[in-house]
Structure formats: C-alpha cells, structure tokens
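Visitor: Below you will find the structure I want to go over with you.
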Amino acid sequence: MPDAPPVLEIRALHKAYGQLEVLKGVDLLARQGEVVSLIGSSGSGKSTMLRCANLLEDSQQGEILFCEEPVRWRGTGHARRPADPKQVTRIRTNLSMVFQSFNLWSHLTILQNVTEAPIHVLKRDPQEVEAAARGYLDKVGIGDKADAWPAQLSGGQQQRAAIARALAMEPKALLFDEPTSALDPELEQEVIRVIRALAEEGRTMVIVTHDMNLARDVSDHVIFLHHGRIEEEGAPDRLFGAPRSERLRGFLNAVAA
C-alpha cells in the first residue's frame, strides 16, 4: 500500500535504560491498512519499540509521527519528555494497545471493560457505546460473555475481550504486544483467528509476536530486530523464504526447531 497515508512512523529512535541502550536508531512505517510485524529474540527491543510508539516509554532521540504529525518534545537525552500532554492523550486514544497480560479490570464485567474508556475518556454517548461494544464482542466471538467477570473467562476469551476493548476506541491503529504468548496453543488459535480477521478487514496494525506463522500470514511488512537494531526487513514471503542475514536465518532455524 505505497500510496496509503502513514498512520505511524518512527525515525532513528534511540531508547536506553541508564547505560543500557535498548534501541539503537530504529525506523518503522505503518501506512493505513497495513500490518507490520516485529520479530526477534527476547531482549531484541521489540516490545520497547512498541511502548515508545505509544508514548508509554520515553525515548532519548529520534522522531515519532502520528498521521504525519510529529510528537513535540522538551528536554534532551534522558530528560526528554513529550511537551504536550493533550497531544499524548490524543495519540494514545488513537493507538489502542493490546497487552500480553490482558490488563482487564477485574471489578468490571466484560461489557463494562469495553465501554469504560469510550464513555469516560472519549465522552461518547453511553447507549451508543454499549451498542457498539456488544457488536465488537460479537466480532471477537464472545458476545455471550458480556455480563461475565474477567475471572470467569479463559485466557483466550480474556484476550479477545481486550481486543474488543481496543476496537471500541475506534483507533487509527492497533498495537499488539505478544498477544498470544501467555496462552496455551489451543487458546492461542482463538486469538490468532481474530487477528487474521482484523487484518482481512484492512485494519492498521503493528504486532510484536513470537508466532512466525502469524507474522508470515497477516503481515504486509516484517521487521527483524537484533540487539536493538533492524537487522533485516521486508515483505514476509522474501523475509521468511529467502532471508539474507545470517542472524535472521539462525533465528528462524531456532524458532522452527
């Protein structure tokens, strides 16, 4: 989708925790309707890159642009912070994040989990939000669980509820941080089916994943991170079918073993 407008762009981003440099000048471009997957070994910087994109982590150098609007910063280095809290809120509400650990509110029903932010953060009409939320719960296959509590759901159902909650914000893009890694294989497939369906709808998504089949099947572009740098990137057929980097070949052999 080379002509589609950019939704999320990262340019030469650096992130360090004290003296530990985690991201060393990484780039990312996700256009409208595109699915970009980040793969790599544990500790390669994938999740950190996603959290920086959503401004959950502060970065020390580089640019982040949302719909071609650059994030404004104050300070430099480890003192660098976003300069405009209203801009941060606007970007975060348009980049809905789905976490590995579901992060559902245990004291709210599944329906309340999905409606809470659109009603209280976006100030939308509660009746309209509830109708839309029920539709999203149906979409992810748990419409009959609207009045259940999170503890009454399986892990796969909880993760699908988290996806419905993200969709209810009607974001410009969805960010997935290892959405299936906390699930056993059977429950993992429930969530993968939902993500594949969202990709087929043309949703803009950035996915950090350990599942190479998912990355291969749903992505328009795949980025392989190694020690905080982009070692190789490209279309999934080329990246998985004919990797150029010895490190990527070794990684794919290791995960296939």
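The values are calculated or read from the model by the stated rules, or taken from the named source; none is laboratory data. Note that this is a predicted model, so its numbers are computed, not measured. In this analysis, Cβ positions are derived from the backbone assuming ideal geometry, glycine residues included, and neighbour counts consider all displayed protein chains. Surface accessibility is based on the protein's heavy atoms, side chains included, excluding ligands, DNA and RNA. Shrake-Rupley method; radii C 1.70, N 1.55, O 1.52, S 1.80 Å.
Visitor: Averaging over all projection directions, find the projected area of the Cα convex hull of the chain and quote it in nm² with one decimal place.
Guide: The Cα convex hull of the chain, projected and averaged over all directions, gives 14.1 nm².
Visitor: Here is a further query. Accessible area per residue of the chain at 1.4 Å probe, in Å²?
Guide: Details: 12000 Å² over 257 residues.
About 47 Å² of surface per residue is accessible.
Visitor: Let me ask something else. Using the reciprocal of the averaged 1/r over all distinct C-alpha pairs, how large is the Kirkwood radius of segment 202-242 in Å?
Guide: For segment 202-242, the Kirkwood estimate is 10.8 Å.
Visitor: If you average the alpha carbon positions of segment 118-180 and of segment 1-52, how far apart do those two centres end up, in angstrom?
Guide: Distance between centres, Cα-based: 25 Å.
Visitor: How large is ³J(HN,Hα), in whole Hz, for each residue of segment 140-154 in order, when computed from phi with the Karplus curve 6.51 cos²θ - 1.76 cosθ + 1.60 and θ = phi - 60°, using x for Gly and Pro?
Guide: So the Karplus estimates, Gly and Pro as x, are 8, x, 10, x, 7, 9, 4, 9, 7, 9, x, 5, 8, 9, 5 Hz.
Visitor: Another question about this same structure. What distance in nm lies between label points placed 7 Å from Cα along the C-beta direction at Tyr17 and Ala257?
Guide: The answer from the label model is 2.6 nm.
Visitor: Ok, one more. For segment 184-256, give the percent of accessible area contributed by carbon and sulfur heavy atoms, probe 1.4 Å, rounded to a whole number. Walk me through the intermediate numbers first.
Guide: Working: 1600 of 3640 Å².
Carbon with sulfur: 44 percent of the solvent-accessible area.
Visitor: Placing unit charges on C-beta atoms (Lys and Arg positive, Asp and Glu negative, everything else neutral), compute the dipole magnitude of segment 170-236 about its Cα centre in debye, rounded to 20.
Guide: The calculation lands at about 220 debye.
Visitor: Another question, if that's okay. Of the heavy-atom accessible surface of segment 5-137 (probe 1.4 angstrom), what whole percent is carbon and sulfur? Provide the component values of the computation, followed by the final result.
Guide: Numbers: 3060 of 6260 Å².
For segment 5-137, the apolar C and S fraction of the accessible surface comes to 49 percent.
Visitor: Taking every DSSP beta bridge that has both residues in segment 74-226, what percent is antiparallel when rounded to the nearest 5?
Guide: Percent antiparallel among DSSP bridges in segment 74-226 is about 10.
Visitor: To the nearest 20 Debye, how big is the dipole of the chain about its Cα centre, given +1 on the beta carbon of each Lys and Arg and -1 on that of each Asp and Glu?
Guide: 740
Visitor: As a test, work out the antiparallel percent of DSSP beta bridges whose residues both lie in the chain, rounded to the nearest 5.
Guide: Values: 23 of 39 bridges.
DSSP beta bridges in the chain are roughly 60 percent antiparallel.
Visitor: Right, here's the next one. In debye, nearest 20, what is the charge dipole magnitude of segment 65-142 about its Cα centre with +1 on Lys and Arg Cβ and -1 on Asp and Glu Cβ, if you could check?
Guide: Dipole about the Cα centre, nearest 20: 440 debye.
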